[in-house]
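The values are calculated or read from the model by the stated rules, or taken from the named source; none is laboratory data. Note that the structure is predicted; figures quoted are calculated from it, not measured. Cβ atoms come from the backbone with ideal geometry, glycine included; neighbour counts cover every protein chain shown. Ligands, DNA and RNA are stripped out before the accessible areas are found, and what is left, the full protein with its side chains, is counted by its heavy atoms. Shrake-Rupley method; radii C 1.70, N 1.55, O 1.52, S 1.80 Å.
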Amino acid sequence: MKKKEFKAESKRLLDLMINSIYTNKEIFLRELISNASDAIDKLYYRSLTDRKVKLEKEDFFIKIDVDKEKNTLTITDNGCGMTEAELEENLGTIAQSGTLLFKEENKNKDMDIIGQFGVGFYSAFMVSDKIEVVSKKFGEDKAFVWESSGASGYTIEETEKEDFGTSIILHLKEDDEDYEYSKYLDSFTIENLVKKYSDYIKYPIKMDVTHEHKKEDSDEVEEHTHEETLNSMVPLWKKDKKEVTDEDYERFYMDKFYDYEKPLRTIHSKVEGQCSYNALLFIPGKAPFDFYTKDYEKGLELYSNGVLIMEKCSDLLPDYFSFVKGLVDTPDVSLNISREILQQNKQVQIIAKSIETKVKKELENLLEENREEYEKFFKTFGIQLKFGIYNGYGVNKDTLKDLVMFYSSNEKALTTLKEYVSRMKEEQDKIYYACGETVDKIDLLPQVEMVKDKGYEVLYLTEYVDEFALQVLMEYDNKKFVNVSSENLDLDSEEEKEELKKNNEESKDMFLFMKDSLKNEVKAVRFTKRLKNHPVCLTSEGNVSIEMEKVINAMPTDEKVKAETVLEINESHPIADKIKDLYENDKEALDKYTKVLYSQARLIEGLPIENPTEISNLICEIMTDN
Ligand code: ADP
C-alpha cells in the first residue's frame with residue numbers, strides 16, 4: 001500500500017501539532033466532538049429533507065471509549081461518514097481555516113495560532129502518536145480506514161465497519177516529564193472536558209462510566225459500569241440567562257469564532273411575539289484579521305429549532321454592524337429555505353430589525369457605562385458606523401448619529417456630537433470642523449487657530465469618510481456643520497465684515513492681478529480675518545472641500561473633481577502691506593510673491609505643488625532680491 005504525503009501546508013500544521021508545546025492540548029477533544037456533531041448535523045439535516053433517510057433525532061449519538069490496555073481513546077459518531085475520496089480530500093489537506101492561517105503575516109507566533117484558529121482534526125496529533133479514522137459513508141457498502149503517524153504521510157485502505165459513521169482512534173503518546181497523556185484514559189477527565197467545552201452539543205455524548213459502590217455489610221467494593229450521557233445537550237443560547245456564567249459565554253464565543261480575546265459585549269436574548277427567536281450575539285474586542293478585506297463575510301448563524309441551516313446569514317445584519325458575531329435560532333423559518341427566499345422572508349426581516357435595535361442599544365449602554373471600552377470599540381469598528389451614515393444617502397443616519405465619535409480640539413480627544421453640543425457656547429449655532437491627516441496636523445492649521453481663539457471647539461476629522469458622513473448628516477440638533485476652511489464660516493461681527501468688505505473692494509484690482517498670476521488656479525484672492533498669526537490659507541467654496549478633492553481623486557476612477565479654492569491673505573499680517581506696496585511699485589515681484597504665497601497655502605493643506613522647481617527658484621530669487 002502506498003503511503004501518501006500530506007500537502008505542504010498541512011505538513012507545517014502537523015509539525016506544529018506534533019511538536020506542540022502549546023499548553024492547552026485538551027482542546028483536541030472539543031475539536032473532534034465538534035467534527036462528529038457536524039457530521040451528524042449533515043445526516044440529520046438530510047433525514048429532515050429527504051424522506052428516504054429514515055432516521056430520527058433520537059437515533060444519533062457520539063460515543064467516547066477508552067481502552068487503558070491499548071492506550072487508545074476512540075470517538076465514534078453515527079453521522080454522514082466519509083468515502084475513500086472524502087477521507088483523502090478532507091484529511092489529506094488542511095481545511096479552509098488552516099489555509100488562511102498560513103497566509104497570515106505573524107508566522108512566527110506559531111503558538112498563538114492554535115488559540116486563534118480552529119485547527120480541527122489535526123489537533124489530535126498534539127496527544128497522539130498515531131491516528132486511525134475508520135469511516136463508512138451513509139448509504140455505501142464499503143468502509144475505509146485512514147491512518148497516519150504524523151508528518152511522514154498517511155495511508156487509506158478498505159476495512160470492515162458495521163454501521164455508517166466515523167470512529168477516530170487515537171493512540172495516545174507516552175507520558176513524559178512535561179505532560180501526562182494518560183489522563184485522557186481517565187473517565188473523570190473526559191467527563192470534565194465534555195462539560196467544559198461540549199456541553200451544548202445537541203446530540204448525546206456517551207461514555208461507559210464505572211462507579212464504585214461499597215457492598216452492604218462488608219468493606220468490599222463493587223464496580224458498576226453504565227453508559228452515561230455526559231452533556232446536557234441544551235445549546236447555550238437556549239439556556240436561561242441566569243444559568244450561564246460570563247465565562248461560559250466567553251468560552252463559547254472564543255471557541256466558536258476563533259478569537260483569542262474575550263468579546264467586548266455579549267447580548268443574549270429571547271424574544272417571543274410576532275416572531276420568536278433566541279439570539280446570542282457578540283461584539284468582538286478586536287477586528288478579525290480579514291475584517292477590512294473583501295474576503296470578510298458578515299452574517300449570523302441561522303438555526304431553525306436548533307438545526308443549523310445557514311452559517312453566514314447576511315440578511316440578519318446591516319452592513320454597519322457587520323462586526324457582530326453570533327447566531328439566531330428561530331422556529332419561524334423552515335429548514336429548506338434558500339438564500340434567495342430568505343432575503344424576502346418577512347420573519348427574517350423582522351428579526352433583523354429587532355437585532356439591529358438590540359445591538360444599537362448595547363452600544364449606547366457601553367458608551368454610557370464604560371467610555372474607555374467604547375472608545376476601544378470605536379477605534380476598531382467606528383469607521384463602519386461612519387460609512388453607515390454615508391451609505392444610502394443617509395437613510396440610517398438617525399440610528400447611527402449618536403454612536404459616532406470624532407476627535408476634537410477639546411483635549412484632542414474623541415467626542416460624540418452630543419457631547420460637542422453640550423459644550424457649545426451660548427450664542428454658537430454651528431458645529432465647526434477641520435480636516436487633515438492627523439489630529440496634530442489639524443491642530444496647527446491656520447484656519448483652526450482663529451476659531452479656537454474665539455472659544456469654539458473644532459472637530460478634527462482624520463478619516464477620509466468623516467467629512468462625507470457629516471455632509472450627509474448636514475446638522476445635529478439643528479446645528480449645521482461648517483468646515484473652518486469654507487466660505488460660510490461667518491465668525492466676524494457685522495462691523496468687521498463691513499470693514500473687510502471695504503478693504504477687499506479697495507484692493508480689487510490687485511486681487512485680479514494676483515488671480516491672473518495664478519493662471520486662474522483659484523477662484524479668487526482676497527483678504528481675510530480668519531487668520532490670526534499666519535499669512536495665508538486656502539479655503540473652499542461650493543460643495544467640494546479641499547479634503548474631499550483629495551479623497552475622490554485618490555480613488556481609482558476617471559472621475560476627477562476640483563474644489564473651488566480661494567487664496568486668503570491675512571489682512572493684519574505684514575505681508576498684506578507688502579503686496580499692496582508691490583502692486584503699486586513692482587508688479588513683476590508681486591507676480592513671484594503671489595506664486596510663492598499660493599504654494600505655501602497648498603503646502604499647509606497637504607496639497608501637492610505642480611511646479612516645485614519653479615517655486616523653489618522663485619523663493620531664491622526673492623531671497624536674493626532679484
Ligand atoms: P474543519 O472541521 O474546520 O472543516 P477539520 O480539519 O477538523 O476541519 O476537518 C476536515 C474535514 O474532515 C471536515 O470539514 C469534514 O468534512 C471531515 N470530517 C472530520 N471529522 C469528521 C467526522 N467525524 N465525520 C465526517 N467527516 C469528518
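I want to verify the translational diffusion coefficient of the chain in µm²/s; compute it with Stokes-Einstein, Rh as the Kirkwood radius over Cα pairs, at 4 °C and 1.567 mPa s.
Numbers: Rh = 29.8 Å.
Answer, rounded: 43 µm²/s.
Pairwise inverse Cα distances across region 357-493, averaged and inverted, put the Kirkwood hydrodynamic radius at 15.3 Å. Amide hydrogen proximity for Val536: with H placed 1.01 Å from N in the peptide plane, the residues at 5 or more positions away or on another chain lying under 5 Å are Asn570.
For the chain, the longest principal axis of the C-alpha atoms and the axis of helix 612-623 are separated by about 40°. Helix 8-18: angle to the longest alpha-carbon principal axis of the chain, degrees 0 to 90, nearest 10? Once rounded, one gets 70 degrees.
Taking only the C-alpha atoms of region 236-355, the Rg (one decimal) and the largest Cα-Cα distance, Dmax (whole number), read 14.0, 39 Å.
Note on region 152-288: Rg/Rh from Cα positions, Kirkwood definition for Rh, rounded to two decimals, is 1.08.
Please give the per residue accessible area of region 452-592, computed with a probe of 1.4 Å over protein heavy atoms only, in Å². Intermediate values should be presented prior to the final figure.
Working: 7370 Å² over 141 residues.
Averaged over the residues of region 452-592, the accessible area is 52 Å².
Among the listed pairs Lys360/Lys418; Lys130/Lys239; Lys286/Lys480, those with a Cα-Cα distance over 27 Å are Lys130/Lys239; Lys286/Lys480. Helix 246-256 against the longest principal axis of the chain: what's the angle in degrees, Cα atoms only, rounded to the nearest 10? On a 0 to 90 degree scale, this one is about 90. When you filter the GluC sites (Glu not before Pro) in region 389-458 for DSSP loop state and at most 15 other Cβ atoms inside 10 Å of their Cβ, you are left with Glu411, Glu426, Glu427, Glu437. Considering only Cα-Cα distances, which of the following residue pairs are longer than 20 Å: Lys361/Lys479; Lys7/Lys256; Lys195/Lys242; Lys515/Lys595; Lys136/Lys195; Lys361/Lys386? In this structure, Lys361/Lys479; Lys7/Lys256; Lys136/Lys195 lie more than 20 Å apart at Cα. For region 492-626, would you read off the P(r) tail past 17 Å as a percentage of all alpha carbon pairs? The answer is 62 percent, as a whole percent. Given the C-alpha centroids of region 362-390 and region 565-584, what is the distance between them in whole angstrom? Each part reduced to its Cα centre gives a spacing of 46 Å.
Shown here for region 272-381: trypsin sites (Lys or Arg not before Pro) in loop regions (DSSP other than H, G, I, E, B) with at most 13 other Cβ atoms within 10 Å, namely Lys294.
If the viscosity is 0.890 mPa s and the temperature 25 °C, what Stokes-Einstein diffusion coefficient in µm²/s follows for region 294-432 when Rh is the Kirkwood radius over Cα pairs? It would help to have the intermediate numbers written out before the result.
Numbers: Rh = 17.0 Å.
Translational diffusion coefficient: 145 µm²/s.
In the chain, helical runs assigned H by DSSP with n ≥ 4 each contribute -39500 (n - 2.57); averaged across all residues and rounded to the nearest 500, the mean residue ellipticity at 222 nm is -11500 deg cm²/dmol.
Each residue of region 66-81 was assigned a 3J(HN,Hα) from its phi angle through the Karplus expression (A = 6.51, B = -1.76, C = 1.60, θ = phi - 60°), giving 10, 10, 5, 5, 7, 6, 10, 10, 10, 10, 10, 9, 10, x, 5, x Hz with x at Gly and Pro.
I'd like to check one number: the per residue accessible area of region 239-369, probe 1.4 Å, reported in Å² as a whole number. Each step should come with its number before you reach the end.
On the way: 6400 Å² over 131 residues.
Spelled out: the 1.4 Å probe surface of region 239-369, per residue, equals 49 Å².
Beta bridges assigned by DSSP with both partners in the chain are antiparallel in approximately 80 percent of cases.
Of all DSSP beta bridges confined to region 492-626, the antiparallel ones make up roughly 55%.
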